[in-house]
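What follows is a short report on a single structure.
The values are calculated or read from the model by the stated rules, or taken from the named source; none is laboratory data. Note that this is a predicted model, so its numbers are computed, not measured. FYI the Cβ positions are ideal-geometry reconstructions off the backbone, even for glycines, and counts take in every protein chain you see. Ligands, DNA and RNA are stripped out before the accessible areas are found, and what is left, the full protein with its side chains, is counted by its heavy atoms. Shrake-Rupley method; radii C 1.70, N 1.55, O 1.52, S 1.80 Å.
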Amino acid sequence: MTKLICTMLLFFTSILYGDIVNIDKKTQLQEILSVSQIYIDKTRDLTIEDITRENIKFEKNDQSVLGYGYSPDFDVWIKINIKNNTTQTVRKILEYANPLTTHIDFYDISTNTVEYDGLFQMKLNRKSINPIFHIVVKPNESKTYYIKASTHITTMIIKLNIWEKESFYNNSLEHQFYLALFFGAMAILAIYNLFIFIFSKDISYLYYVLYILAVIYHQLLYTGVFFIYIESDEFIDLVIQYAALAGILPIVFLTLFSKHFLKTKQYPKFHKVLNFLLIITPIVILVPILAGYGSSSRNLMSLVLVIFLLVLTVYSALKKNRQAYFILAGWIIIFSAIAMMFLASKGIYDFYEYSPYFVEIAFTIEAVIFSIALSDKINSLQKDKNNANKELIVQKRTENARLEIQVEEKTKDLNISLDEKTLLLQEVNHRVKNNMQMIVSLIRLQSNDISDNKMKNIFLTTQNRLNAMSQLHELLYQKDDVSYVNAYEYFSTLIEGLEETYTDDININYAIDADLQTEQAISSGIILNELVTNSLKYAFTSDTGEIDISLSKDDTTYTLIIRDNGIGYDQENNKKSFGLILVDTLVSSKLKGEMVINTQNGVETKITWSEINE
């Protein structure tokens, strides 16, 4: 009987002080805040007993969304009158459509029960993003519910909906699906740009990746998705305590990205101020958080940084900075999203009612724009590189043409100089040859007055040695290229002079398969003169015999062989011969080669040396 009287009193009170929410099974979704009553408890001391027993006057509300900003210093009580005019029991879900309110107490007066939800007292079995409460209204029954909402460090935005159970869960799944698409798209962009950073080493991409991750973190907190999968109250408390970082991190990383992307060093004054703000901002943000102060200073610092970055972007765009156009477009989208969020948090305009995913769409579009900007930067750099390559090719061709002209001029000068030097060298060789011939003639005249045969032989030998050098200079005088000497021509001319001196009946055979360097030809000619002279003078007992002269070259090694079929000699008794001493000296000192003499079956002298000797 008492329960019936209380119910009737509540019913008549509802008629006097507020509207009644009529529900039935067919209603899928119904907004109920605009037909509820509101009371602001600035003392924060009232309990449900105080609310129901004392003469608390609730005020009628006609707003579908109420916003009280960040961390209001009062509690909001909401009174809801619900009536079931049907003959069936109606079961509904009452949704508190804000996941960030820290404390939500739901009172059912008829059953004298209370349920708790919110960030700091979340239900363990809750899988929906927003707090929900189950209500049951019997046929023709009227019930009154109270909600006490309070928050400490987050926004106080109140919106109430009544759902049919299946519709609510379908909508919740759809809501989480769209959020998953948003987070997935942002994660893909982050991974894509991370790989570009790894391969390009451009720090702009790293800051952009960090910015995207900060946006993901911010939206995970702002939408409440983060909290429904975390069961540790201590961890949730820690995250909420530092929730301000979720708002500032995207701004800081976006600032770093813009700084490098826009190359702000080209604007020295702006660059210095921006560096100062990047240093001071973390200090202003972190100190109040660690000290437990309010958020006004860090909100102001964030606002200053955002405004300055916007001014810098506009300035860069006015300076025809191509990348600034993309950044400015992204900033316009982000500012519109921030403005909408601010209006919603203050209860001025609920844009979520018309576009529930406006913020996510804005962040996604902004991220795509920045990705396009980065791609455009790569294309611009590639274009600049191609232009630079073209300019380099043109410059190289011009330089090659200039160098070719210089080379032709230098070559012409060198040829003239070389011709002059060749003529001078030929003249020198000619004069040396003439001087030697004069010396030979003087020796020949002097030897005619000598009756001593030994002395005459000495003069003759000296004459032949000088003649060997004279013949070489004669050949050099007749040639344009003096670096090499035709060995056959040189040797045959040299031997002809010896044959005229000693005998004409000795057969001399030649096997010359190489030319000689000029310096080595001088030594080779003297060696040949000494050895052939010895053979002509001492090898044969009669006027007949043969002498073989061969010269070959294997890679860089010369081999000179002088062989006769004469009587040979005793090497031990001829070691002190001046001719052999001279030959040995020339082989070891000038040619830096080796000599082997074989006196069996005639005399064979084999000399080997390298074309390039050190």
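What tally of residues in the stretch 223-267 results from selecting those that are without any contact (Cβ under 8 Å) to a residue 24 or more places away in the chain and aromatic (F, W, Y)?
3
Name the residue that is modelled with the highest pLDDT, counting only residues in the stretch 483-502 that are open to solvent by 40 Å² or more (accessible area, probe 1.4 Å) and not in a helix (DSSP H, G or I).
N486
Of the residues L245, L249, only one is open to solvent by less than 70 Å² (accessible area, probe 1.4 Å) and either in contact with a His (Cβ under 8 Å, 6 or more places away or on another chain) or small (G, A, S) (or both); which?
On the way: L245 fails: either in contact with a His (Cβ under 8 Å, 6 or more places away or on another chain) or small (G, A, S) (or both).
Going through L245, L249 in turn, the sole match is L249.
So, A539, is that one touching a Leu at 6+ places or on another chain (Cβ under 7 Å) and either of a type in the set (K, R) or open to solvent by less than 50 Å² (accessible area, probe 1.4 Å) (or both) or not?
So A539 does not fit the description; no.
Step by step: first the residues of the stretch 503-535, then only those that are open to solvent by 40 Å² or more (accessible area, probe 1.4 Å) and under 60 Å from the mean Cα position of the chain (by Cα), then the one that is nearest to E604 (Cα to Cα). Which residue is that?
D515
Could you list, in sequence order, all residues of the stretch 576-596 that are in a helix (DSSP H, G or I) and surrounded by 14 or more Cβ atoms within 10 Å (Cβ to Cβ)?
G579, L580, L582, V583, D584, L586, V587, K590
Please determine, by comparing only the residues of the stretch 597-614 that are under 60 Å from the mean Cα position of the chain (by Cα) and in contact (Cβ under 8 Å) with a residue 40 or more places away in the chain, which one is least open to solvent (accessible area, probe 1.4 Å).
Among those residues, the one meeting the criterion is W609.
When the stretch 519-537 is examined, which residues are found to be touching a Phe, Trp or Tyr at 6+ places or on another chain (Cβ under 7 Å) and more than 14 Å from I562 (Cα to Cα)?
A521, K537
What is the residue count in the stretch 42-70 for residues that are open to solvent by less than 40 Å² (accessible area, probe 1.4 Å) and in a loop (DSSP other than H, G, I, E, B)?
Qualifying residue count for the region: 6.
Look through the stretch 542-575, keep the residues that are of a type in the set (V, I, T) and assigned to a strand (DSSP E or B), and return whichever of them is most open to solvent (accessible area, probe 1.4 Å). Full working, then the answer.
Narrowing the stretch 542-575 to residues of a type in the set (V, I, T): 544, 547, 549, 556-557, 559, 561-562, 567.
Filter again for assigned to a strand (DSSP E or B), leaving 547, 549, 557, 559, 561-562.
On the way: I547: 0, I549: 3, T557: 59, T559: 31, I561: 31, I562: 6 Å².
In this case the residue turns out to be T557.
Taking only the stretch 151-209 into account, find how many residues are polar (S, T, N, Q), open to solvent by 20 Å² or more (accessible area, probe 1.4 Å) and within 41 Å of the chain's Cα centre (by Cα).
Total satisfying the criteria: 2.
With respect to the numbered conditions (1) in contact with an Asp or Glu (Cβ under 7 Å, 6 or more places away or on another chain); (2) more than 24 Å from N98 (Cα to Cα), which one is the sole condition not fulfilled by F182?
Every listed condition holds for F182 apart from (2).
Just to verify a result, which residue in the stretch 71-96, among those that are more than 15 Å from K148 (Cα to Cα) and not polar (S, T, N, Q), is most open to solvent (accessible area, probe 1.4 Å)?
So the residue we want is R91.
Among (1) of a type outside the set (S, T, N, Q); (2) under 24 Å from K92 (Cα atoms); (3) in the same structural domain as I32 (by TED's automatic domain parsing), which single condition is H152 missing?
Every condition holds for H152 apart from (2).
Looking only at the stretch 138-171, count every residue that is in contact with a strand residue (DSSP E or B) (Cβ under 9 Å, 6 or more places away or on another chain) and either charged (D, E, K, R) or part of a helix (DSSP H, G or I) (or both) and tell me the total.
11
For the stretch 364-383, give me each residue that is open to solvent by less than 20 Å² (accessible area, probe 1.4 Å) and not charged (D, E, K, R).
Across the stretch 364-383, the qualifying residues are A367, F370, S371, A373, L374.
Out of curiosity, is D73 in the same structural domain as E115 (by TED's automatic domain parsing), touching a Lys or Arg at 6+ places or on another chain (Cβ under 8 Å) and part of a loop (DSSP other than H, G, I, E, B)? I'd like the intermediate steps shown before the answer.
On the way: in the same structural domain as E115 (by TED's automatic domain parsing): yes; touching a Lys or Arg at 6+ places or on another chain (Cβ under 8 Å): yes; part of a loop (DSSP other than H, G, I, E, B): yes.
Taking the combined requirement at face value, the residue satisfies it.
With the stretch 218-271 as the region, which helices (runs of 4 or more DSSP H) entirely inside it contain at least 3 residues that are among the small types (G, A, S)?
Per the criteria, 244-261.
All but one of (1) buried (at least 21 other Cβ atoms within 10 Å of the Cβ); (2) under 30 Å from I369 (Cα atoms) hold for N130, so report the exception by its number.
(2)
Regarding the stretch 558-568, can at least one residue be identified that is in contact (Cβ under 8 Å) with a residue 60 or more places away in the chain and of a type in the set (S, T, N, Q)?
No - not one qualifying residue is present in the stretch 558-568.
So that you can scan it fast, the table gives a plain yes or no per residue for (1) modelled with pLDDT under 85; (2) out of contact with any helix residue (DSSP H, G or I) (no Cβ under 6 Å at 6 or more places or on another chain); (3) of a type in the set (K, R):
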position	(1), (2), (3)
T13	yes, yes, no
K25	yes, yes, yes
Q28	no, no, no
D45	no, yes, no
E49	no, yes, no
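So which residues in the stretch 101-131 are free of Cβ contacts under 8 Å to residues at least 12 places away in the same chain and farther than 19 Å from T223 by Cβ? Even if it seems obvious, please write down each step before you answer.
Of the residues in the stretch 101-131, the ones free of Cβ contacts under 8 Å to residues at least 12 places away in the same chain are 111-113, 123, 125.
Residues satisfying the conditions are T111, N112, T113, N125.
In the stretch 307-322, which residues are open to solvent by 10 Å² or more (accessible area, probe 1.4 Å) and of a type in the set (S, T, Y)? If you could, list the steps in order and put the result at the bottom.
So in the stretch 307-322, the residues open to solvent by 10 Å² or more (accessible area, probe 1.4 Å) come out as 307-308, 310-311, 314-315, 317-322.
Within the stretch 307-322, Y315 is the sole residue that qualifies.
Matching residues to (1) modelled with pLDDT under 80; (2) in a helix (DSSP H, G or I):
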{"position": "Q323", "(1), (2)": "no, yes"}
{"position": "I333", "(1), (2)": "no, yes"}
{"position": "A339", "(1), (2)": "yes, yes"}
{"position": "I348", "(1), (2)": "yes, no"}
{"position": "Y352", "(1), (2)": "yes, yes"}
{"position": "I378", "(1), (2)": "yes, yes"}
{"position": "N386", "(1), (2)": "no, yes"}
{"position": "N389", "(1), (2)": "no, yes"}
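Take the stretch 373-418 and flag every residue that is hydroxyl-bearing (S, T, Y) and closer than 15 Å to Q323 by Cβ.
As a first pass, look at the stretch 373-418 and keep what is hydroxyl-bearing (S, T, Y): 375, 380, 398, 411, 417.
Matches in the stretch 373-418: S375, S380.
Of all residues in the stretch 211-238, how many are more than 17 Å from I361 (Cα to Cα) and touching a helix residue (DSSP H, G or I) at 6+ places or on another chain (Cβ under 7 Å)?
Of the residues in the stretch 211-238, 4 are more than 17 Å from I361 (Cα to Cα) and touching a helix residue (DSSP H, G or I) at 6+ places or on another chain (Cβ under 7 Å).
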